[in-house]
Amino acid sequence: EAGVGKTSLAVHLIRGHPWQHHFTRLPGGRSAQAARRNLAAQLIDCWDLAGEWTCGGAFPAGADRPDWFGDLLRAAARRRDQRRPGTPIVLVVDGLDEADTEGAGADGGLPLGLPVSLPHGVFVIAMTRFGVEWALHAVRNPALWLTIDVDSTENLADMQRYIEHVTDPGT
């Protein structure tokens, strides 16, 4: 639902973590090509892949295709396994439901052209309102879905603990 704090949660998750992220509410962020290029640039930088994946610091032709992004993600996972085995690669995407829907799900793919199957140790945390379930059927197991009910006892208690923590002058 709107107002539950999905964007705040996404920001909280990326603070202090070297996780790649994309926010669809930023200018141009709804575009699948822009989202993949944004995430790709962050992956290339984080895993030192510029030599193999860019041409003089620029993306090559075809870099806006979902298959190119999937290949890059697999290359990042291989580099991770060489340099920092066991380190998760985490992509945080906020506003998946706000992404342009042109072509989404038509080929069995996910919104923004995200891969339906990820390399070992690669995770996508996607914040979304209800309504994109039709496009998420393609996600292959294992997948964990968490729905936050705004009025649930657990959510209200969590928000109360957070408010008490941030307003307590002793912390």
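The values are calculated or read from the model by the stated rules, or taken from the named source; none is laboratory data. Computed from a predicted model, the values in this text were never measured in an experiment. Cβ sites come from the backbone with ideal geometry, for glycine too, and all protein chains shown count toward neighbours. Remember, those area values only see protein heavy atoms, side chains included, never the ligands or the DNA or RNA. Shrake-Rupley method; radii C 1.70, N 1.55, O 1.52, S 1.80 Å.
Below, the figures for the structure above:
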{"read-out": "Gain in span if fully extended, Cys46 to Arg74, counting 0.36 nm per residue against the direct Cα distance", "value": "8.7 nm"}
{"read-out": "Backbone N within segment 53-86 under 17 Å of label point (7 Å from Gln33 Cα along the Cβ vector)", "value": "58-70"}
{"read-out": "Rounded accessible area per residue of segment 31-94, 1.4 Å, Å²", "value": "46 Å²"}
{"read-out": "For peptides 160-169, 56-65, sequence by mean Cβ density within 10 Å, most packed first", "value": "56-65, 160-169"}
{"read-out": "Global geometry of segment 1-60, whether rounded, prolate or oblate, following the gyration tensor of its Cα atoms and the 1.5 cut on a/c", "value": "oblate"}
{"read-out": "Point-to-point label distance, Thr54-Ala157, nm (Cα→Cβ direction, 7 Å offset)", "value": "4.8 nm"}
